[in-house]
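*Asks:* The structure is given below, and queries will be raised subsequently.
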Amino acid sequence: MTAAGRRVFLAALAAVFVSAGAPAPAQQLGLTQSPILTVESDRLYGQSAFGQRVAREIEAESAVLAAENRRIEAELIAEERDLTDRRSQMDAQAFRTLADAFDEKVREIRRTQDAKARDLARKRDADRVAFLQVAAPVLEQLMREAGASIILERASVLLSANETDITDLAIERINDAIGDGANLTPEGQD
């Protein structure tokens, strides 16, 4: 995940729990009772059915984009080779005009393909935020059951008891609640 994507995800996570209010008394035996819980957000997302579905989709879209880039590259190499071969039969000005047009075409293609790659990165980050939105009720319920008032990112905690890490339980419950999320339409997504 990009640093920007991680910041967005963690900010959204914090916003969800600030709005969650005070925890209810503990309701489940076996869940550690603690005012503070921890979660590994990368693992929570990456090992959830939702995160795995998104990863497969992004990987497939990336493969299509990579194949498209390879095809375009082969076409441009052939076009450049043809232009180079015709150079000796053209006057300098005519060649320069064609070479400049080719260079502009290459720049435009690069801009277009770079935009597609950025769109994929934005989609990946937006899907992470969407995951948090649909997973928030499950995480809030875990907080209430543990009597917790906050869930912290485990990587940001210097030292904690392993029992406060709810990542595995959260993955299990989120998978039960939303599956892979393919049938969900979170707010803000088309």
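Bear in mind that the values in this text are calculations on the coordinates, not laboratory data. None of these values were measured; they are calculated from a predicted model. Every residue, glycine among them, receives a Cβ derived from its backbone with ideal geometry; neighbour counts consider all protein chains shown.
*Asks:* What FRET efficiency would be calculated for the residue pair residue 91, residue 62, taking the C-beta separation as r and a Förster radius of 30 Å, to the nearest 0.05?
*Replies:* 0.10
*Asks:* Between the alpha-carbon centers of the range 44-73 and the range 137-157, tell me the distance in whole angstrom.
*Replies:* If we compute the Cα centre of each part, the gap is 30 Å.
*Asks:* Please list, by residue number, everything in the range 100-116 whose backbone N is under 13 Å from a paramagnetic label point 7 Å out along Cα→Cβ of residue 76.
*Replies:* Residues 102-115 qualify, since their backbone N sits under 13 Å from the label point.
*Asks:* Based on the mean of other beta carbon atoms within 10 Å per residue, what is the order of 87-93, 115-121, most packed first? Walk me through the numbers before you get to the answer.
*Replies:* Details: 87-93: 9.4, 115-121: 13.0.
Averaged packing, sorted descending, gives the order 115-121, 87-93.
*Asks:* Residue by residue, what Karplus-based ³J(HN,Hα) values in Hz, rounded to whole numbers, does the range 32-45 have, using 6.51, -1.76 and 1.60 with θ = phi - 60° and x for Gly and Pro?
*Replies:* 4, 8, 7, x, 10, 10, 10, 8, 8, 4, 5, 6, 3, 6
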